[in-house]
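Have a look at the structure below, then the notes.
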Amino acid sequence: MQPLDWIVICLYFGIIGFIAWWYGRNQKDTDDFFLAGRNAGWVVIGASIFTSNIGSEHIVGLAGQGAFTGMAMAHWELHAWVLIMLAGLFVPFYYKSGVQTIPEFLEKRFSARTRTLLSVVSLVAYIFTKVSVTVYAGAIVFQALLPEINLTIGNFNLDAFWIGAFSTVIITGVYTVFGGMRAIMATAAPQAVIILFGSFVITAIGLSKLGGWSELVSMARENADAFALWRPLSDPQFPWLGVLIASPIIGIWYWCTDQYIVQRALSAKDLATARRGALFGGLLKVWPVLIFLIPGMIGWALHQKGIITIPPKIVDGAEVIDGDRVFPTLVTALLPQGIRGLIVACLLSALMSSLASLFNSSAALFTVDIYEKLRPGKTEKELLLVGRIATVVVVGAGMIWIPVMAMIAGGGLYQYLQSVQGYLAPPITAVFLLGLFWKRTNSAGATWALGVGFIAGLFKLTVQALFGEGKIENPAFLAAVGDFNFLYATGILMLLSVIVMIVVSLMTPAPAEEKTRGLTYGSIHHLAADEIHDSWNLGNKILVGLILLCVGGMYLYFSFWLN
């Protein structure tokens, strides 16, 4: 890191700090703090959806997967089509119900018990997956870029990894606490520009050093089995049938039912804007395959040619390249000063925007769905204070979990994240899809489906961590469960949740009429048909066409690019 790099980084932090202060001056109530006063435009909403999704775990972890497994994880990054579902099917329910959180919507459709269950599980999942993974990825970057930094406090020595982890979490937490959703939304557009531009720069320079796109394709063809988009059923990690089963389940949960993403659409000034913002986010979501996954493959190719050296790691007793160090190595080895600072600012943008969104969403879940239910009638001033305190608690919990995350993320950061999400997503996806499209489902069915699904998912996750080949191999049944492919496990958990919800709903009384009025697909289109129809205007239809064209084009090209 040279002086010019530090100037660029300091300038970035200065701008972000000023924006947080400016927009945090007049936070009056929870609508301001959690939903930016419900007055956001579609560009800001779409940019915020994109930057919330693209954290450092994407840039670092997805590049690592590109170097390690080629295009296998691209299916999760081509989920732009799921945002069409968010805009077309889900947003009208959320927006017209006037809720602040997604669990609040579940209370309207089912019961307070269902709402509380989803809130608690979501908070735990945020801390153990999103916070820890995002911070861990950011710390890896600091470790690669500033290895000489260390700090000794008494008998404790903090190296670049821990200094980077703690400093980014604290700085992000501070600007989230003071700025709220207004600051997050205001910084979304410039952060999206920085992320896209910085990643395009490193892709272009990497291809130039390698010898062009044709050289990358040629080298990938020599390793077609490891780099193909579609894998045979015999593939132990990414069989094509497992991908087709699990990827949509995780995608619908993440993009259509998770507070972390949907909160952005709820901040829109009207229904048409909410839908267009979701679609604009989908159009931005098309690009990660090209600007995050492909650089990982470029890094692998440059390593094979001896142009750069990626640090190794030991996996199953064999030495392989450390995929999570690919992107930081590209930054340190290829980029000139100034540009290097810009890319680091890009990584900081991804890290901070993703963490800030997560902290704010977690605070909203605790304040609105737990605290306000336990202590009703509190003033907006007190709820705002509780929201800020909840943000600080989430920050602290995420920091405490970092050491554990560092020990269990060795098998590939991004793949780890998707496997954990695959065990959490099925019951939530099942409850929302059945709840919206079948009015016979009731509170008992939803509660049982969530409870049984979560317990089964946690059982698989726990067994996978402890039992299997190279771990505890007896009893054989638990070892088999631990080694069972995470993609097929996601499908089984989804089927189990659907069966439980249907059976319990049919065995218990049908829901009252007020639990379905305006909260199921048929009823909302009966009550607000004109507004919903008018909000699906020509501009939104054009965005749908562009998303489908881009996603379809990428699938068509990368399905045959190694032939």
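Derivation of every value follows stated rules applied to the coordinates shown; laboratory data play no part. Please read all numbers here as calculations on a predicted model, not as lab measurements. Every residue, glycine among them, receives a Cβ derived from its backbone with ideal geometry; neighbour counts consider all protein chains shown.
Observations
- Mean Cβ neighbour count within 10 Å, used as a protection proxy, ranking 107-118, 324-335, 201-212, 536-547 highest first: 324-335, 107-118, 201-212, 536-547
- Whether the stretch 412-488 is rounded, prolate or oblate, judged on the alpha carbon gyration tensor where a/c under 1.5 counts as rounded: prolate
- Amide N of the stretch 189-228 lying under 17 Å from the label point, which is placed 7 angstrom from the Cα of GLU469 along Cα→Cβ: 226
- Built amide H within the under 5 Å cut-off of LEU158, gap 5+: LEU151, THR152, ILE153
- 25 Å Cα-Cα threshold exceeded, pairs from LYS285/LYS541; LYS108/LYS285; LYS209/LYS285; LYS130/LYS515; LYS373/LYS515; LYS108/LYS269: LYS108/LYS285; LYS209/LYS285; LYS130/LYS515
- Between ILE170 and ARG517, the simple spin-label model (points 7 angstrom out along Cα→Cβ) gives 5.4 nm.
- In terms of its C-alpha gyration tensor, the stretch 210-304 comes out oblate, because a/c is 1.5 or above while a/b does not outweigh b/c.
- For the pair ARG221 and LEU549, label points projected 7 Å from Cα toward Cβ lie 2.9 nm apart.
- Remark: the Cα gyration tensor places the stretch 212-368 in the prolate category, a/c being 1.5 or greater and a/b exceeding b/c.
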